[in-house]
1. Which angle between 0 and 90 degrees, to the nearest 10, do you get for helix B:127-141 versus the longest principal axis of chain B when only C-alpha atoms count?
2. Report the label-to-label distance for residue B:89 and residue B:232 in nanometres (one decimal), using points 7 Å from each Cα along the Cα→Cβ vector.
3. Using amide H atoms built 1.01 Å from N in the peptide plane, name the residues 5+ places from residue B:77, or on other chains, whose amide H lies under 5 Å from its own.
4. On full extension of the chain, what length is gained from residue B:123 through residue B:49, given 0.36 nm per residue of separation minus the C-alpha to C-alpha distance?
5. Take every Cα pair under 8 Å in chain A that's 6+ residues apart, average their separations, divide by the length, and report that relative contact order as a whole percent.
6. Say we join alpha carbon atoms closer than 10 Å with springs in a Gaussian network model of chain B; which of B:159, B:69, B:101 then has the biggest fluctuation?
7. Taking chain B as a Gaussian network, where each spring joins two C-alpha atoms under 10 Å apart, which residue of B:235, B:248, B:175 fluctuates the most?
8. Taking the simple approach of a point 7 Å from Cα along Cα-to-Cβ for both residue B:225 and residue A:197, what is their distance in nm?
Amino acid sequence: MKMTSDSLTRPESAPLVDDFGAASGSVLSKMVAPMRRLVSSRKGKAAAAGLAVYVVIGLGWRLLPLPAPDYIDQTVRLRGPSAGHLLGTDEFGRDILSRIFDGIGITLGVSAISISVALVIGVSTGIFAAYSGGWVDAVLMRAYDALLAMPDMILAIAVAAIIGTGARDAIVALAVVGTPQFARIVRSSCLSELPKTYIEASVSLGGSRARIMFRHLLPNSVGPIAVQTAIFGAFSVLMLAGLSFLGLGVQPPAPSLGGMLSTARQYLATAPWYAVGPGLAIALLVLTLNALADCVRDITDRRGR
Amino acid sequence: MIGYGSKRLLQTVPTLFIVSVVSFAILRAAPGNPAQYVAGLTATPQVLAAVSHRMGLDQPLYVQYVRWLGDALQGNFGHSYVSGRTVSSLILAKLPATIYLAVAGMVVAAVMGTIFGLVAAARPGGRVDSAISLLTSVSLAIPTFWSGILLILLFSVRLNWLPSGFMSSPSQGIGAFFSSLILPAVTLGLNYFPVFARFLRGGLLEARGQPYVRTAVSKGLDPWYTFRVYVLRNGIQPMLTSIGMVFGRLLGGVVITESVFSWPGLGSLMVTSIGNRDYAVVQASLLLAVLAVVLVNLVVDLAQAIVDPPSRLTARSMT
């Protein structure tokens, strides 16, 4: 029986023949229960709240009564924390706190875009490789293995050296690092799903390649993908800050957490407080994302048990 | 063993191929015409064409790649566009500093990882275990450039105990050399010990849960002997395997740490060269870094195959 003739003869609302309970379903509908379980643990609650705070700061810090991050006031260069400048001022007399907030926004934006790019390309090629098998799988995976063999930071630096420096180039560099990681994880999760009965059932019912890949294999790989998203989120924050610290990421005058630390390093003797805020902002964000990854892993593991 | 060894060696071939293509791409990504650098800005088109021809730039890309690869295999990476010196001499001058730092960082990470891993595994779930778990999480979240800056703030600026950067060459006195090495090495160690600690803790706990350990305990074997021979020898395997992975990450950290401490190594050279668009130097130092990682992973895998024969069956796909 062909899938097309099947859907022609049945009303749209009727359940499809091969939708076997837990085995299939849309990705979104499968996210609700785990989300609820995530915030049920204390660690999960803290991690989710922490990430929410960062997102709110990143998107809405402009609503706060802070000096503009690019407002230069040469009369207050490198001043310590005060009522007007809660975290002090930088070498141009700009407000450090508002620059940190702006930097958080840029960090989240760059990370989110690079995660999305790596996720879409990595997941789709990973599923494709697993389902195709043979030489397609071999070629794709050898290429990804070669990328994985290079240390993340070195690879990101190499990409930045080839294509240039700036926020947009950093996105590409991070996506190049992340794509093979997603592909590897999705592929191995798909390979363990492929021999299962529900896939065989769908194939014998005439399920199309796309249907098996995106309606069966993808939803059943959501757990590992979610864990990897959080892990790579933390990684991308660290790598972007590292690139910016080396002068290969976000370029001045735009504020970046890594770039601020690089400047702060030159004024350690005269302005030691300068280095505290940006570093703390990075460390807390990474800690939050790593905790989130742990919690997501716990949830998906429990489901497997 | 020979079968496994040759299979494992073959696995590195595609990796090395792609790495060489990336390195070549970096060289060709240089904006502007490399012949222009050599011929000078005022060169006439005829001179430029002649220089192009002499450098092989008028050949198809794959011919250029093969020629570049042949040169690279002989250690000839051409000349720096900026200083005019040969790339290999520049790299050889910076290599020792990076090796000192990477080795010292690995040693600090391994020692800290072993201590914390052993202590954490002693009473899993206890208060000390939770504290160490928190410490490793925090340590993983703090970027090297921040921990380095904080260490400088505390030990150089505040306490004035240790130099805040620059390497003191071993030939100028071993004491000064080590005191200049401490802060950067500890910075690296702090960042990379959590991986060791976690692998060791996990490995020990898993080994302790094995039936043969229960047998050893119930037949009344000396607890210290049981730990040494049954638990430690098996439980340390995951940590040993992770050496390759940690070394790779640590090299990335070395680039940043060198930048924090103005350490005169390959990382600093690479970053300055990227800034100067000195692509001949960039590609050679990147190539060297990746080669080192591939080599260390190869050695770790082969060593493990000798020590732990079953691991040969699961020839790891990651090279």
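Only the coordinates and a few stated rules stand behind these numbers; no lab work does. In this text the structure is predicted, and so the values were computed from the model without any measurement. Note: ideal-geometry Cβ built from the backbone for every residue, glycine included; neighbour counts use all protein chains shown.
1. 10 degrees
2. 5.1 nm
3. Correct list: B:87, B:88.
4. Fully extending the segment from residue B:123 to residue B:49 adds 19.3 nm.
5. Relative contact order comes out at 24 percent.
6. Ranking B:159, B:69, B:101 by mean-square fluctuation puts B:159 first.
7. B:175
8. Result: 5.1 nm between the two label points.
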